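The values are calculated or read from the model by the stated rules, or taken from the named source; none is laboratory data. Only a predicted model underlies this, so the values are computations on that prediction, with no experimental measurement involved. No Cβ is skipped: glycine too gets one built from the backbone with ideal geometry, and neighbour counts run over all protein chains shown.
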């Protein structure tokens, strides 16, 4: 598979904390990469560097052989990077359909709200309708987000991201707060989107689901990559076990 994203020597420090420490990664087109690690490992910060929310101290972000390091977050969205957030914040005054139409119209509107005031929104509405059906939200398209349970709001977040015509979709803990049924269904949806050709980077603490759907794992600890490879070999890595579980010998020595 050809390379879609290359992260080259990315670093960022917040005060005395080295949040991301010279990370270099390559993500292939069509890959489903699980980005895991203990709390505070730097996973969400790395996503923020990829999307341009944070400016790195060192390093570059290269998408489809184009250096996008100097681009704003909005410009990176137009280049094909979309991010779903753990805390879902749709526009509460717009219907489910209008939320997705707004995202679908962003490509031809420099001002996002301009997408809602075009003379014709037929193309965007058709696209949004299809996405909502695909994600099991068709019957809720005229509803307002405030009446939807969290599981459906998470699906709306995915629909809005897909409406941006993303080449690369970054998920930041999409399964957080969901019950077991919702967790299984959303994880299956992410896997299906990937099988349809979407490249995915998944940050998620539910290791069982990550191991079930990811084709490759990268583990961060202290802002550094400590393991990279197929899920089985990565989870057998002693450094990974130590990062998650601590060192049993050290723990016993202290008792």
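Summary of computed values
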| quantity | calculated |
| --- | --- |
| Hits in region 166-185 - residues which are touching a helix residue (DSSP H, G or I) at 6+ places or on another chain (Cβ under 7 Å) and closer than 18 Å to residue 27 by Cβ | 169, 170, 171, 172, 174 |
| Selection status of residue 91, out of contact with any helix residue (DSSP H, G or I) (no Cβ under 9 Å at 6 or more places or on another chain) and modelled with pLDDT under 95 | no |
| Qualifying positions in region 5-27 - under 25 Å from residue 207 (Cβ atoms), touching a strand residue (DSSP E or B) at 6+ places or on another chain (Cβ under 6 Å) and surrounded by fewer than 20 Cβ atoms within 10 Å (Cβ to Cβ) | 21, 24, 25, 26 |
| Scan of region 129-142 for residues that are in a helix (DSSP H, G or I) and over 20 Å from the mean Cα position of the chain (by Cα), ordered by number | 129, 130, 133, 138, 139, 140 |
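So that you can scan it fast, the table gives a plain yes or no per residue for (1) within 20 Å of residue 35 (Cβ to Cβ); (2) at pLDDT 95 or above; (3) crowded, with 18+ Cβ neighbours inside 10 Å:
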{"site": "116", "(1), (2), (3)": "no, no, no"}
{"site": "120", "(1), (2), (3)": "no, no, no"}
{"site": "126", "(1), (2), (3)": "no, no, no"}
{"site": "160", "(1), (2), (3)": "no, no, yes"}
{"site": "164", "(1), (2), (3)": "no, no, yes"}
{"site": "202", "(1), (2), (3)": "yes, yes, yes"}
